[in-house]
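Written out below as structure tokens is the structure these notes cover.
Derivation of every value follows stated rules applied to the coordinates shown; laboratory data play no part. If you're wondering where the values come from, they're calculated on a predicted model, not measured in any experiment. For neighbour counting, all protein chains shown are included, and Cβ atoms are generated from backbone atoms with ideal geometry for every residue, glycine included.
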Amino acid sequence: MKIASIFALGWIGVCGTAAFALAEDAHTMFAPADVKWIEAPKTLPAGAQAAVLFGNPTKKGLFALRLKVPSGYAIPPHTHPGYEVVTVISGAAKLGMGKTADRSATKALPAGSFFALPPGTAHFVYFDDETVVQINTNGPWSIKYVNPADDPQKSQ
């Protein structure tokens, strides 16, 4: 619950400044040039940018969120309380499964790739190049690091 609360606080800034539409009675369209990028929430390692395209990740209901990460970015082993449904929009991701990060045990997912993980599935990801991924799932969304020392908010 504490992690979800911390994540929600981080997303207040994202949702307060990013252009997004509520799921109720909304018609939403974005051309790539219309996507407004801001700093990703502090629950993710520094350097990522986020854009909420639809809904609100801190609230119950459907949302669409894009993450833009720089080359060399990594997210240590972690889980989510709900489904993680991801499409690689540009660049490439290297997804690994399990509670221990092992770059040699990842699967390369180039642009156009898709993955969906059930709630509680431990996974980690590396990005060799700048990459954009889109998460479409139901909120509230949060992240729990397998090793609490990997949590960027704990290391501040």
Practice item. Can you grab the distance from the C-alpha centre of the range 119-156 to the C-alpha centre of the range 75-98, Å, no decimals? Key: 7
Study note, to complete from the structure: Distance in nm between F114 and D128 label points, each 7 Å along Cα→Cβ, equals 2.5
**Study point:** Filter on K60/K99; K42/K68; K42/K154; K42/K107; K107/K154; K36/K68 - keep pairs with C-alpha separation over 19 Å
**Key:** K60/K99; K42/K107; K107/K154
Review point. If r is the Cβ-Cβ distance from S104 to F30 and R0 is 41 Å, what FRET efficiency results, to the nearest 0.05?
Key: 0.65
Check your understanding: On full extension of the chain, what length is gained from W37 through K60, given 0.36 nm per residue of separation minus the C-alpha to C-alpha distance?
Key -> 6.0 nm
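Peptides 99-106, 63-70: what's the order by average Cβ count within 10 Å, highest mean first? Before the final figure, lay out each step's value.
Working: 99-106: 12.5, 63-70: 21.5.
Output ranking for 99-106, 63-70: 63-70, 99-106.
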Check your understanding: For the range 32-85, what log10 I(q)/I(0) values come out of the Debye formula at q = 0.15 1/Å, with one point per alpha carbon and no solvent?
Key -> -0.48
